[in-house]
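Working notes, beginning with the structure itself.
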Amino acid sequence: MTQIHQFQQKDVEILREEVVYQGHFTMKKMYFRHKLFNGGVSGEIVRELMIKGAAAALIAYDPLRDKVVLVEQVRIGAYDPNSHQSPWLVELIAGMVDEGETPENVAMRESYEEAGLTVDKVEHALSIWDSPGGAVERLHLFLGLVDSSQVGGVYGLEEEGEDILVHVVSREQAYQWVVEGKIDNVIAVVGLQWLQLNYLKYKQN
């Protein structure tokens, strides 16, 4: 049987690290070496690494109506003047996990700040790495069962420059947008695919 994870954290040796930028996020230069699959140890490797931390996202699903709540906002990382695609992305409700917070609490807090949704309980769906070749960010996705009947409008925190439009769409439509590439950000793609695989456990006929 093929073995994965034959190496562990101890099989990477950090030689030194430097903070090269400190702002909204931290950028470090990492110097390290690691064990090799064919035996031995690599030479020194140098990589820049953005330290973002953890983020939490909510798959807001209305099982009675078979609908999902999505949000739309501008993302500067999607700005490309040579592209015809909009930098306004349709996403899951999400936010960064600050010190002293749990991912579950962030998912519930952000649901109110970004969409006016009150979610009292969430269920862990999955956790994934986001681009670990150059960034430290662990994404925690949760399912929240919601009532979407009175949801809609524009939300967001003014002090954080947020301008967020709320969408309520059928689960099938949201998944079709993933298939068509209209939803193309990793958290929403993964979260909506998870929902498509699991919604029957929650759907109310």
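The values are calculated or read from the model by the stated rules, or taken from the named source; none is laboratory data. In this text the structure is predicted, and so the values were computed from the model without any measurement. Don't worry about glycine lacking a Cβ; one is built from the backbone with ideal geometry, like all the others, and counts go over all protein chains shown. Surface accessibility is based on the protein's heavy atoms, side chains included, excluding ligands, DNA and RNA. Shrake-Rupley method; radii C 1.70, N 1.55, O 1.52, S 1.80 Å.
Computed over protein heavy atoms with a 1.4 angstrom probe, the accessible surface ordering of Leu200, Leu139, Leu64, largest first, is Leu200, Leu64, Leu139.
With no solvent and one equal point scatterer per Cα, compute the Debye intensity ratio I(q)/I(0) for segment 18-113 at 0.14, 0.15, 0.16 Å⁻¹ and report its log10, rounded to two decimals. Log10 of I(q)/I(0), two decimals: -0.83, -0.89, -0.93. Here the chain is treated with +1 on each Lys and Arg Cβ and -1 on each Asp and Glu Cβ, and its dipole about the Cα centre works out to around 900 debye. Of the residues Val154, His5, Ser111, the one whose Cα sits farthest toward the positive end of the charge dipole of the chain, with +1 on the Cβ of Lys and Arg and -1 on the Cβ of Asp and Glu, is His5.
For Lys35, a cut-off of 16 angstrom between C-alpha atoms picks up these lysines, skipping any fewer than 8 places away in its own chain: Lys10.
What is the helix-to-structure angle for 186-198, meaning the angle in degrees between its Cα long axis and the longest Cα principal axis of the chain, kept from 0 to 90 and rounded to the nearest 10? Once rounded, one gets 60 degrees. Computed with the Debye formula from one identical point scatterer per Cα of the chain, without solvent, the log10 of I(q)/I(0) at q = 0.11, 0.13, 0.19 Å⁻¹ comes to -0.63, -0.82, -1.34. Given +1 at the Cβ of Lys and Arg, -1 at the Cβ of Asp and Glu and no other charges, the dipole of segment 44-162 around its Cα centre is 380 debye to the nearest 20.
The long axis of helix 171-180 is offset from the longest Cα principal axis of the chain by roughly 50 degrees.
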